[in-house]
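Visitor: One structure is given below, represented as structure tokens, and several questions about it will come after.
Every number in this text was worked out from the coordinates using simple rules, so none of it is lab data. Note that this is a predicted model, so its numbers are computed, not measured. Using ideal geometry, Cβ is built from the backbone for each residue, glycine included, and neighbour counts are taken over all protein chains shown.
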Amino acid sequence: MVACLVLSGCGEHRPGESPARDLAAAEAEILKDDFGHRDRVRDAEYIAATEVPNHLDNSDSPIRRVLLGWSGRTVGGEQATIDVQFVVTLTDQQASSYGDHNNSAGQVKRCYRYFLELYRYTTYDEIECPSTATAPVPTASPFPDMPDDGRERLTAALRTATPDTLASRVRAAFPEKHVTVDTVTHQGALVAAVGVPAERDCIVLVRTPGGAIESPAYDRIWLEPGEMGCRTGLYVSPPR
């Protein structure tokens, strides 16, 4: 009796199947590399909607991606999973161009589950393909980020603020709970930093004693987790 492997099938591959299987496996690894290292908090549905196109850019490609499902999110110790099916359909001409001229037309479906975690590189395993694959349509719901007019808001707040009203004026300009606010008066200048830490977004503006609004430069590495973050210290006492 011959034992059959669920994922690889029994006996010899059908004509055209060997190069098609190799192409599917190679494409699965490419997607794993595209997912890469995760450094943002996202739910699996958002990642699926924005990073797993159902069709490859090359319309002549024999490879098609079919999204099978998703779950979880990349936050803390949690894990997001995304299941993808790769369908490779080769014509006789395409099959014969892959190594062995005796290869003929064929179609292969291979399925993979991708595991994504915050601050880790993506891994994946091959899984058994479902008997029927329905492609759900994920939705990329907006995630909290910096308002598009953030710089204009902060500039307006600084122009009318005093040392006593600085903090309240800036907070009033950014009522969004996900936006952090840090203010200080330093050597006669009004300094404010507003940002969205999870996205490494940060705006630092200074109103000089003469009334000019300046945007001091800083190294964005200090916005990374474990560093100073979006604080007035980026201007007042920058890390060395």
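Visitor: Taking 0.36 nm per residue of sequence separation and subtracting the Cα-Cα distance, how much length would be gained by fully extending the chain between residue 187 and residue 91, in nm to one decimal?
Guide: On the way: separation 96, 0.36 × 96 = 34.56 nm, distance 7.36 nm.
Length gained between residue 187 and residue 91: 27.2 nm.
Visitor: Something else about it: What FRET efficiency comes out for residue 172 versus residue 33 if R0 is 45 angstrom and r is the Cβ-Cβ distance? Round to the nearest 0.05.
Guide: Values: r = 45 Å, r/R0 = 1.01.
FRET efficiency, residue 172 to residue 33: 0.50.
Visitor: Also: Spin-label point model (7 Å from Cα, Cβ direction): what's the residue 156 to residue 199 distance in nm?
Guide: Each label point is offset 7 Å from its Cα along the Cβ direction, giving 1.9 nm.
Visitor: Now for a separate question. Which net charge results for the neighbourhood of residue 227, defined as the other residues with beta-carbon distances under 14 angstrom from its beta-carbon, given Lys and Arg at +1 and Asp and Glu at -1? Please list the in-between numbers first.
Guide: Numbers: positive: 200, 220, 231, 240; negative: 39, 219, 224.
It works out to a net charge of +1.
Visitor: Measure off 7 Å from each Cα along the Cα-to-Cβ vector at residue 121 and residue 165, then give the distance between these two points in nanometres to one decimal.
Guide: Taking the two extended label points, one gets 5.5 nm.
Visitor: By how many nm would the segment from residue 26 to residue 140 lengthen if fully extended, with 0.36 nm per residue of separation less the alpha-carbon distance? Can you show the working numbers first?
Guide: Working: separation 114, 0.36 × 114 = 41.04 nm, distance 2.70 nm.
Separation in residues times 0.36 nm, less the Cα-Cα distance, equals 38.3 nm.
Visitor: If Lys and Arg each add +1 and Asp and Glu each add -1, what is the summed charge of the other residues whose beta carbon sits under 15 Å from the beta carbon of residue 164? Don't jump to the answer; show the numbers that get you there.
Guide: On the way: positive: 169, 171, 207; negative: none.
Value of the local net charge: +3.
Visitor: Right, next: Using 0.36 nm per residue of separation minus the Cα-Cα distance, give me the extension gain between residue 240 and residue 40 in nm, one decimal.
Guide: On the way: separation 200, 0.36 × 200 = 72.00 nm, distance 2.60 nm.
69.4 nm is the gain from fully extending residue 240 to residue 40.
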